[in-house]
Amino acid sequence: MKTIEELNTSKVPIVIIDKSLDELNDVVLFPEKVEKAKEVIAKVGLPKKIALPQTSVSPITDHGNDPFVVKKVEEAKSFFQKNGLNGLPKSVK
């Protein structure tokens, strides 16, 4: 178990899933809304899948010249030069 200090400094959210909610998996909570939705789908149908327009610009295949990636790599390089591996979480080391 982690200590309170480790939990307070952790950037990962703590989520506890209540297992007693599993019994509600097959229960319809709003039957009138389900019926209305079924009527609308029967009358109108589901939306068609829309194809995205083709662009003349080819997608980036090499991120080496992408300014965002270059900036992030430089930030990571300076972080590791300053902190070494001490700045990484223990699970990554």
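Out of (1) under 28 Å from the mean Cα position of the chain (by Cα); (2) modelled with pLDDT of 80 or more; (3) surrounded by fewer than 10 Cβ atoms within 10 Å (Cβ to Cβ), the odd one out for Pro31 is which?
Condition not satisfied by Pro31: (1).
Taking Leu7 as the residue in question, decide whether it is surrounded by 10 or more Cβ atoms within 10 Å (Cβ to Cβ), hydrophobic (A, V, I, L, M, F, W, C) and either at pLDDT below 85 or in contact with a helix residue (DSSP H, G or I) (Cβ under 6 Å, 6 or more places away or on another chain) (or both).
In short, yes.
The values are calculated or read from the model by the stated rules, or taken from the named source; none is laboratory data. Small disclaimer: the values here were computed from a predicted structure and weren't measured. Neighbour counts are summed over all protein chains in view; Cβ atoms, including those assigned to glycine, are modelled from backbone coordinates with ideal geometry.
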